[in-house]
1. Of all residues in segment 275-300, count the ones that are open to solvent by 80 Å² or more (accessible area, probe 1.4 Å) and among the small types (Gly, Ala, Ser).
2. Please verify whether segment 265-274 includes one or more residues that are surrounded by 15 or more Cβ atoms within 10 Å (Cβ to Cβ) and over 20 Å from Thr243 (Cα atoms).
3. Can you say whether Asp120 is within 23 Å of the chain's Cα centre (by Cα) and either without any contact (Cβ under 8 Å) to a residue 40 or more places away in the chain or not in a loop (DSSP other than H, G, I, E, B) (or both), as far as the supplied structure shows?
4. I'd like to know if segment 125-133 contains one or more residues that are assigned to a helix (DSSP H, G or I) and at pLDDT below 95.
5. Which members of segment 158-178 meet the condition of being out of contact with any strand residue (DSSP E or B) (no Cβ under 7 Å at 6 or more places or on another chain) and of a type in the set (Asp, Glu)?
6. Give segment 242-283 a look and list any residue that's small (Gly, Ala, Ser) and over 19 Å from Gly137 (Cα atoms), or say none.
7. Can you tell me how many residues in segment 210-225 are on the phi > 0 side of the Ramachandran plot and surrounded by fewer than 21 Cβ atoms within 10 Å (Cβ to Cβ)?
8. For segment 242-258: of the residues being assigned to a loop (DSSP other than H, G, I, E, B), of a type outside the set (Ser, Thr, Tyr) and open to solvent by less than 40 Å² (accessible area, probe 1.4 Å), which is nearest to Gly268 (Cα to Cα)?
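The values are calculated or read from the model by the stated rules, or taken from the named source; none is laboratory data. What you are looking at is a predicted structure, and each value in this text was computed from that prediction instead of being measured. FYI the Cβ positions are ideal-geometry reconstructions off the backbone, even for glycines, and counts take in every protein chain you see. Keep in mind that these areas ignore ligands, DNA and RNA; they rest on the heavy atoms of the full protein, side chains included. Shrake-Rupley method; radii C 1.70, N 1.55, O 1.52, S 1.80 Å.
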Amino acid sequence: MSQQTFHFPNQQSFAINSPINNAASIAHMLKLVIFGTMFSTIDLMELIIIYPKLFLILVPTLIIVIFWYVFCKSTAGSRIFLVDFACYKPQNNQQICRQNFLNRSSRELKFNSDTLKFMDRILQRSGLGDKTYVSKGLLSDPMDMSTKAAKEEVEMAVFGAIDELLLKTGVRCEEIGILVSVCGVFNIMPSLSSVIVKRYKLREDIRSYNMTGMGCSAGLIALGLVQNLLKVHDNSYALLVTTESTTDNVYKGNDRSKLLSNCVFRVGAVALLLSNKPSDQNTCKYELVHTVRSQTANTDRSYNCIFMEEDEQGHRGISINKDLLYAAMKTIRSNISTVAPLVLPLSEQFRYLMNIIVRRFRTGSKMEPYNLEFSRAIDHFFPHVGGKPVLDDLQKKLGFSDEQMEASRMTLYRFGNTSNSSIWYEVAYVEAKGRVKKGDTLWQIAFGSGFKCSSVIWRATRSIDRDEMNPWRDEIDEFPVDVSKIGALSDLFVASK
């Protein structure tokens, strides 16, 4: 059976290798061997009669060798590498401290005193420091929250990240065959992917995709899409860009359930260059190992916990209610249960299984539930910086040390919640600290509206030295800072309703 070939307008055709194709290849090779023997000076039947035992040994061995050869050949091009990535760092004049943020919110957005007090409580407990970044539009007098200002914010962040990535990798724009752009909430027309194609004069046959409306987990979901695209497009580079607009998502009313996004979301973007080219195996930073995706949108509590809607005065905002922590923990547990058998050693899985058996079948047992020690298999853990309560609970349940949680807490403190790009500021943090060694396993996990949760497992292909193009490069020695005294946000969800 021949390969299945698909054609797209103005694009190169591509083939999907299937087991049937591999079987056909093996059959063809066996025929060559048999026919080659038949037309040689030694007759095939004579060979079988004279050496029957030898023939019975050689044929199975030959088949195994051929199967192994075809299997290795078919999987050689399926390895996916992260060549490099670049995080956008805004200009210093876009930094804002807590008090300045509150003063501008009072003056420009006309919030009442109760709303301002509530926002102050959020900022005190959020884990954000006083050097996070907001858009130029929100710093202008008066505030510019127009679509034009939002687009300028996104373009500045995206172009800054892509420019740095191209400089770091030396890859030419015409070499990029796949483009995926991600913006969690903000959407424009033409799409962000079209904006990027126009700016960098990318190829006419580039396979471009634009994702929006999928919240803070969209960046890792997009990685799953890139993974699938690289499986069928051989010898390709893929550019993945993720960002969010803070300008477009400002809530102007006094509904407490919609104020959290005003307080914690900040400017950020990341650009990643992925490849399935064997030539990048020795120069890339990481190899993609697993992608796992879970969602619980089929339940009302999960579906409604983060919801864009208008308040009674017609002000659009993103409502975040008290069901968020419930939905987050439920979806994250589902995701982790899929990740666990992929990464944990058998000894750890056995301990967990025995704990369940003893607690279920031994009457009167007071044995505590066994928390899986993911630190036995994971060297670096990068959860989405959605909030301090989630980070604390993940550390407790998964058994990670304070050092392994350091990158996420410092990213939240220094850059705030940059939505789907925040996990890459965490990776940049451990790289700047010089902690990533060859063979290390990295786990990224992100979660957001829907409710959705995605995990990606990477393996470091080399030790990472301090990078001059790193958002932490000028201040990494100032971290970590003590954030242990910052309170929790969980009680504010109750107060917001």
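1. Number satisfying all stated conditions: 1.
2. Applying the first criterion (surrounded by 15 or more Cβ atoms within 10 Å (Cβ to Cβ)) to segment 265-274 yields 265-274.
Applying the additional criterion that residues be over 20 Å from Thr243 (Cα atoms) yields none.
Scanning segment 265-274 turns up no residue that is surrounded by 15 or more Cβ atoms within 10 Å (Cβ to Cβ) and over 20 Å from Thr243 (Cα atoms).
3. When the stated conditions are applied, Asp120 does not pass them.
4. Yes, segment 125-133 has at least one match.
5. Listed by number, the residues that qualify are Asp163, Glu174.
6. Listed by number, the residues that qualify are Ser257, Ala271, Ser275, Ser279.
7. Total satisfying the criteria: 1.
8. Glu244
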